[in-house]
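Here's the structure, in structure tokens; my notes come after.
The values are calculated or read from the model by the stated rules, or taken from the named source; none is laboratory data. Note that this is a predicted model, so its numbers are computed, not measured. Reconstructed Cβ throughout: ideal geometry from the backbone, glycine too, with neighbour counts over all protein chains shown.
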Amino acid sequence: MSEQKLQSQTVQTTGHAWDGDLQEYNNPLPTWWVYTFYVTVVFAIVYWIIYPSWPMGKGWIGGLSTITYVNSEGETRTHSWNTRALLLEDLNRASAEQKPYFDKVSAMSYEQIARDPEMNGFILSSGKALFADNCAPCHQAGGQGKVGFFPNLTDDDWLYGGSYDKINETLMHGRRGYMPAFGEVLDGAQIDQLANYVASLSGMRHDSAKAAAGNALFHSETAACFYCHGPDAKGRRDIGAPNLTDSVWLWANVPGAEDDDGKIAAIRGVIAGGLAKGVMPAWAGRLSPEQIKVLTVYVHELGGGQ
Amino acid sequence: MNLNFKHEWIETNIGLMAVLTMLAISVGGLVEIAPLFFIDKTIEKVEGVRPYTPLEQRGRDIYIREGCYTCHSQMIRPFRDEKLRYGHYSLAAESQYDHPFQWGSKRTGPDLARVGGKYSNEWHVQHLIAPRSMVPESVMPNYPWLLTTPLDISDVESRLKALRKVGVPYSLTQAEYDANVGKFGETVARQLHIPDARKNLVEQANFGNYDGDRSGISEMDALVAYLQVLGTMVDFSKYSDDAFVDYR
């Protein structure tokens, strides 16, 4: 059948033959295809004229299309089309829409923002996006933190203070937690006594005799726990020393322990090993002051603001 | 198209066909690549970009070895959504010492071009060991061996020498070192001196203690040191937000 079909068509050949009779058909392209090709050529030329295209010496032809934007110095500039100028134009447009809100954020006090229903809505929506992009990897999506790593932001237990100003300070400049390791200063029995005392402070099951000895040790110059955690063990916010008398745990994984011995062991681990973690990055260079103010109010409103 | 042209001329003359083929395929290169050698506005003039320290460079080698680039790009594009999430768009200048560069658009994970300083070292360590312990919805694999594998520093000089061969200004001679002092300042120049590479690497790892374990230098130390420097070299507060518009 294919032979019949070939015979019925009159197809040109390329006009030369190899090995005597080996020829090649020359099928011209369909007309619609050829004209479409010409159209793309014309399109390309128009495109070259409008957009940056041909290299010329040390630069290139910018094209007729331009973009006008206002830069951070407040100057209005017009530039030949490119994606970087396009971004600035895009940012100009977005900030014009958000400006009324961010202007209010700058002008209003934290308390005013929190009381204003409209601003509260703005904080909740923009703060949620900022929190998800920047804070959630450590403090988790809902701000509940991670025992052993990053503090819970939804309770009212604050390491450095839960007032607007303190939250803002933490966000702007970051924090660096530190507790010395007592593993080499104290012996195993002493650390066990301290752990039992700390467990007793928050009403956990403990050995009373050990706790009594731990109490003495806590307030002695040997262990000197009271320097940072305070004589009442309620912590010191100026240095980020946690309150040991509540049942909120950050460093010792007490909630994750399987039994009472495990809980005491978790506390012993922190006392012996100390902490060189608890680093909160500084956001001052990465986010704008208005964004940090939005986050301050957002974090304050997660539940524990003071 | 019926010109007075015969295929036969070319098809029966293999020498002519080779020359014409070569000409045809070199057009793309000539038009797209050659001008880049003459245009002086491709690499932005910014301060602060330097080659990686020996420890960071070893971290980068591990980054490539573990195939991090198959899911993470290091190229923030000039779009508003990317600026809001990742920060200032990446500059060509910022990857001028990268061999190979880590640009791309394949993002199973987030872009890492400016991840430096965004999270604490302990976050990185925990996240690399078990990503889902930090980010529950993550699909990133676990890399627990990084913390337990000691970093091989025996060939760090050779690695830097190889990079020097392709143009990264690590110094071997006093003259090169002096040139680096002029270009990057003394603190950086010292880090780029190949004869001191091993000493510098150990010093930085011990001082930074990136993996939180002081007992030795692990691959985690190197990788976290690398991640923490990404995108931090240029201080964008020194530049107007349209300072780099002319470079496109």
*asked:* Can you confirm whether A:Asp116 is surrounded by 14 or more Cβ atoms within 10 Å (Cβ to Cβ), more than 28 Å from B:Gly117 (Cα to Cα) and out of contact with any Asp or Glu (no Cβ under 8 Å at 6 or more places or on another chain)?
replied: yes
_With the requirement that a residue be farther than 14 Å from B:Gly109 by Cβ and either buried (at least 18 other Cβ atoms within 10 Å of the Cβ) or without any contact (Cβ under 8 Å) to a residue 12 or more places away in the chain (or both), what does the stretch B:130-142 give you?_
B:Ser133, B:Pro136
*A:Gly256 vs. criteria within 14 Å of another protein chain (Cβ to nearest Cβ) and assigned to a loop (DSSP other than H, G, I, E, B)*: yes
*If a residue has to be among the polar types (S, T, N, Q) and touching a Gly at 6+ places or on another chain (Cβ under 6 Å) to count, how many in the stretch A:135-160 make the cut?*
2
*Of the conditions (1) assigned to a loop (DSSP other than H, G, I, E, B); (2) surrounded by 20 or more Cβ atoms within 10 Å (Cβ to Cβ), A:Val294 fails just one. Which one is it?*
(1)
*Condition met for A:Ser220 (part of a loop (DSSP other than H, G, I, E, B), within 29 Å of the chain's Cα centre (by Cα), surrounded by fewer than 15 Cβ atoms within 10 Å (Cβ to Cβ) and polar (S, T, N, Q))*: no
*For B:Ser120, are the conditions met, namely being facing chain A (nearest Cβ under 10 Å) and crowded, with 19+ Cβ neighbours inside 10 Å?*
yes
*Quick one: would you say B:Glu8 is part of a helix (DSSP H, G or I), more than 24 Å from B:Val168 (Cα to Cα) and in contact with a Ser or Thr (Cβ under 8 Å, 6 or more places away or on another chain)?*
yes
_Looking only at the stretch B:216-247, and only at residues there that are under 24 Å from B:Gln57 (Cβ atoms) and of a type in the set (Val, Ile, Thr), the one that is nearest to the other protein chains (Cβ to nearest Cβ)_ = B:Thr232
*For residues that are crowded, with 20+ Cβ neighbours inside 10 Å and assigned to a helix (DSSP H, G or I), tally how many sit in the stretch B:69-117.*
2
*Which of (1) loosely packed, with under 10 Cβ neighbours inside 10 Å; (2) under 32 Å from the mean Cα position of the chain (by Cα); (3) in a strand (DSSP E or B) is the odd one out, the single condition A:Ile67 does not satisfy?*
(1)
*Residues satisfying the stated conditions in the stretch B:41-63, i.e. at pLDDT below 95 and farther than 22 Å from B:Phe184 by Cβ*: B:Lys41
_Condition met for A:Ser125 (at pLDDT below 90 and within 14 Å of chain B (Cβ to nearest Cβ))_ = no
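Yes/no per residue for (1) within 12 Å of chain B (Cβ to nearest Cβ); (2) under 30 Å from B:Ile129 (Cα atoms):
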{"site": "A:Ser95", "(1), (2)": "yes, no"}
{"site": "A:Pro100", "(1), (2)": "no, no"}
{"site": "A:Asp103", "(1), (2)": "no, no"}
{"site": "A:Cys135", "(1), (2)": "yes, yes"}
{"site": "A:Pro151", "(1), (2)": "no, yes"}
{"site": "A:Trp158", "(1), (2)": "no, yes"}
*Would you please name the residue that is farthest from the chain's Cα centre (by Cα), looking only at residues in the stretch A:186-217 that are outside any helix (DSSP H, G or I) and surrounded by 15 or more Cβ atoms within 10 Å (Cβ to Cβ)?*
A:Asp207
*asked:* surrounded by fewer than 17 Cβ atoms within 10 Å (Cβ to Cβ) and free of Cβ contacts under 8 Å to residues at least 60 places away in the same chain: is that true of B:Ser171 in this structure?
replied: no
